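Here is the structure we will look at, set down as structure tokens.
The values are calculated or read from the model by the stated rules, or taken from the named source; none is laboratory data. Here the structure is a predicted model, which means the values were calculated and not measured. So basically every Cβ, Gly included, is an ideal-geometry build from the backbone, and we count neighbours across all protein chains shown. The accessibility values were calculated without ligands, DNA or RNA, using every heavy atom of the protein model including side chains. Shrake-Rupley method; radii C 1.70, N 1.55, O 1.52, S 1.80 Å.
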Amino acid sequence: VPPGGVVSVSLHGQARTQKSYLNFDFDATQSMLITFDGNTEEFSVAPFGTATISIPGILGPAIVSEARPTIQGAIDGVIKSSASGMAGLVSIANRKAELVKQLQTMDAASQVYFTDAAFSADGVVVRGDVTVSARKAPQISFAATAAKDRYSAFQSWIPGGSIESYSWSWKWYNNQGKPGFESLNDRYVLRRPPAKGQGKFGVQLGINSPLPGLDGMGQVCLVVTGTRAHHLTGQPEPVTASRKCKKFGFDLSLATPDRLFLREWKPGPRDPIGPVAEVAIHEVNSPGSGGHGANTLIVRAGNGWNREAATSLRDGLADCRRRDAGLVVLLLFSDRDLMEGKPEVVEELRTLSQELEAPLVVNEDVDGSWSNALGIQDHESLQWTLVTPTGGVTWAHSGNLDPRELAEALDNYLLRSPAPAPARVAEGFIPGARVPRYPFERDVIGRLSREDDNCPPPPFERLGIETAVSFIRKNSLSSEAALRAMAESQRARSEGVQVIVLDGGTAEDEERMREILPDAMIVADNEGTIARRFGIQSWPSSLTIDGSGALAGAEEADDE
């Protein structure tokens, strides 16, 4: 079988001499072989075998054997010359360009490669490959609907495929509610029954299955699974998108340059109502703070919190006559009070939150940051402070307070505002963002003034070296646990650079930490300058700077 397509070319010629009786006609048939070269993507044409010669008439049998070589030689030169021109007549370059142009209207990276051709009596079929860009990663997006009773993942999709299931999970900030999970394959919404009403300060009433972000502070996550067509084979393949999470919280910031911190905690593993375990430390007075637009009643418990104080808070809110002002209650215990015991208080507060007509946030005065910002000197007595939606203070009281006095203060000093709504906590990390030239310098101006000190640049400024950066908080149990884990992992770490940024740390703390992590670069960040540069609002956190100096990944503490 010829390795291509065969075309027969028929020729008719005449031989004329001075003697007419010696004149004769002849017929010639020459086979032409057409082949396709996958390397050049071009057809080629060449003679296939020798021409067959026939001479009709009475002279034919007598002269054919003598005339055949001469005729074949003459035909061979003509055929070869014609074959070189025929190849250009069957070029597919223009048709390929048209096909590529059409494909690139759908995918700019599309390309066509012809590899072989199939020849038959009906014609020729050119075969090859059409390539497209690699499948883009699945896109996960979800948001609360206008009715504020569900989350919609309508904007989520799998390029080149379809979603088959939506797996939702959620947890509450500081265990204010039960965590949950729901996997759905017939709809892209996570919904809960609508509220039966709203309390005077904005609490949604009659909700049996609340969700974080719609009804309080917490985290909602989504994972989508499905199938997509392989970009080379076209065969369906399973795909699961990375988990997408959103954190929601009330804006509890104050109009002060001071840094304010809250502790995230969860119940201990053996006693669900006993001492709690720290998950992370969060800064709430940062530029990325969301806003609920409502008033905040801050109650600094000190040693004065008891059932009478709880009654004053509950009944004082109930007796308030205002219905035009949103309110959040922030109850702060002394630093580590909840961490170190008082299990009965944790359970009582969970019950109290269900009785109040305003959202209740229970936490600790981490590092005394709230007392310092509010100018509280007496850390033993109850301290009551009413904060406006813009962070200013309109009323304060020290000591015990009966319900009537609290209700009167709320009536007089609450500012008109909408109901409090948890806002999404802004993410400071931007994938692909370029890292500043001196990212871990507390005093960038001073560093620039030392440009001519002939010191070599630190390792994280050298191209091609990946840098792992961990942000930890001084005097934080969760950060200390992260440090211990890093000390173990560093023993197995052989590539890249490890940087530890110690928030609230000093030069002395740097030295002590170098004894724990001798191979890491330790940087004290006493005032949070470096953390703000990277948009860090939670400790411990970590991020990766790739070899080109761009942010490549980030991770926060997560107890799931």
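Here are the numbers for the structure shown:
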quantity	calculated
The chain - share of DSSP beta bridges that are antiparallel (%, nearest 5)	80 percent
Debye log10 I(q)/I(0) for the range 157-249, one point scatterer per Cα, at q = 0.16, 0.20, 0.25 Å⁻¹	-0.73, -0.96, -1.24
Three-way shape call for the range 286-434 based on the alpha-carbon gyration tensor, with the a/c threshold at 1.5	oblate
Dipole of the range 105-223, positive end: most advanced residue of 176, 214, 145 [Cβ charges, Cα centre]	176
Carbon and sulfur %, accessible surface of the range 178-262 computed with the full protein complex present, 1.4 Å	50 percent
Using alpha-carbon coordinates, inclination of helix 403-413 to the longest axis of the chain, degrees	60 degrees
Note, ³J(HN,Hα) from phi for the range 39-51, Karplus 6.51, -1.76, 1.60, rounded to Hz, x at Gly and Pro	6, 9, 6, 9, 8, 10, 10, 8, x, 10, x, 10, 6
Folded to 0 to 90 degrees: helix 60-89 orientation relative to the chain principal axis, Cα	20 degrees
Estimated distance in nm for a label pair at residue 82 and residue 182, the labels positioned 7 Å out from Cα along Cα-to-Cβ	7.9 nm
Value of relative contact order over the chain, rounded to a whole percent, pairs C-alpha under 8 Å and six or more apart	10 percent
FRET efficiency for residue 433 and residue 115, using Cβ-Cβ distance with R0 set to 35 Å, rounded to 0.05	0.25
Cα-based radius of gyration of the chain once divided by 2.2 N^0.38 Å, which approximates compact folds	1.63
Alpha-carbon centroids, the range 317-367 and the range 210-262: separation in whole Å	27 Å
Test item: Cα-centred dipole of the chain, Lys/Arg +1 and Asp/Glu -1 on Cβ, debye	2080 debye
Per-peptide average of other Cβ atoms within 10 Å, ordering 350-356, 466-472 highest first	466-472, 350-356
Anchor residue 178: lysines whose Cα lies under 29 Å away (excluding residues fewer than 8 positions away in-chain)	148, 196, 200, 244, 246, 247, 266, 342
Sorted peptide list for 116-128, 211-223, 377-389, 179-191, criterion being average Cβ within 10 angstrom, highest first	211-223, 377-389, 179-191, 116-128
The range 154-278, relative contact order in percent, only Cα pairs under 8 angstrom and at least six apart counted	24 percent
Within the chain, helix-based [θ] at 222 nm, where runs of 4 or more DSSP H residues each add -39,500 (n - 2.57), nearest 500	-6500 deg cm²/dmol
Residue (of 499, 110, 280) at the positive-pole extreme of the chain, dipole from beta-carbon charges	110
Of 57, 20, 4, farthest towards positive along the dipole that unit charges on Lys, Arg, Asp, Glu beta carbons give the range 4-67	20
